[in-house]
Amino acid sequence: MPTASLPPKTRSVLRVFLTGASSGIGAALARHYAGQRACLGLVARREVELEALAEEVRGLGGEAAIYPLDVTDAAALAAAGEAFIARFGAPDVVIANAGISAGTLTECAEDLEVFRRIMAVNVHGMAATFAPFIAAMRADEGGVGRKRLVGIASVAGIRGLPGAEAYSASKAAAITYLESLRLEMRPHGIRVVTIAPGYIATPMTAINPYPMPFLLPADEAARRFAGAIERGSSYTVIPWQMGIVAKLLRLLPNWLYDRLFVGAPRKPRL
């Protein structure tokens, strides 16, 4: 009597490729997954910090390989992706976390290069992070049901903020890009997760000279991010209080939004 074929057996060890890993939420995510004994590929520009983090990951029970590079270098990311797959196999989770932030003013010619850099890191760098892995993730039967492409966006991408033209534009572009990618990946069983954080206590936010409501410690944010990733949430705002704020912002008519936010505090320019 013929027996029914069984689904491929899933692996117990999670494989995670993570950019922007050397500090802030990236380092917090690396520590979180190390506690689950994951195999981690850690990407950032600062090699010394990556080496220290990799040692910490190993001490927590995980495995780590480091790839010191700039996410705007697609060729370097492709080489890192090839090396990660050769060492660990196709990743289960790819987290495009690398991002930069600065105040920009379009009227200032010197800010145009800053604008270009922010868009290159926050948008192009995200696509370049995912590109090397999609084919291998689609082909990996052992990871059926848990494949995730994760993009870290921001509530700043929901509506444009004064003095943050580049940052708001980059995060709005990231949110829309991830939505398009989600539709592309759906038939292949790969979930695309968009996380839009509010204020997280990291070196990036430490320079903000204004109050930051609902500020979350990085380790708590990492725990909540990982929960959303495991669930395969298509879109989530963390913390939840900022999710309510985000929904209200979407509903405001332009005349009211302009009146309320024209005097909002600005991000510091470089």
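Please work out if residue 152 is β-branched (Val, Ile, Thr) and crowded, with 24+ Cβ neighbours inside 10 Å. Judged against the criteria, residue 152 is a match. Output the residues belonging to the range 198-234 that are touching a helix residue (DSSP H, G or I) at 6+ places or on another chain (Cβ under 9 Å), among the polar types (S, T, N, Q) and surrounded by 15 or more Cβ atoms within 10 Å (Cβ to Cβ). Of everything in the range 198-234, those that are touching a helix residue (DSSP H, G or I) at 6+ places or on another chain (Cβ under 9 Å), among the polar types (S, T, N, Q) and surrounded by 15 or more Cβ atoms within 10 Å (Cβ to Cβ) turn out to be 202, 205, 233.
Determine whether residue 237 is surrounded by fewer than 15 Cβ atoms within 10 Å (Cβ to Cβ), among the hydrophobic types (A, V, I, L, M, F, W, C) and in contact (Cβ under 8 Å) with a residue 24 or more places away in the chain. So residue 237 fails the test.
Every number in this text was worked out from the coordinates using simple rules, so none of it is lab data. This structure is a prediction, so every number in the text was calculated from the model and none was measured. Heads up, the Cβs are rebuilt from the backbone with ideal geometry, glycines too, and the neighbour counts pull from every protein chain shown.
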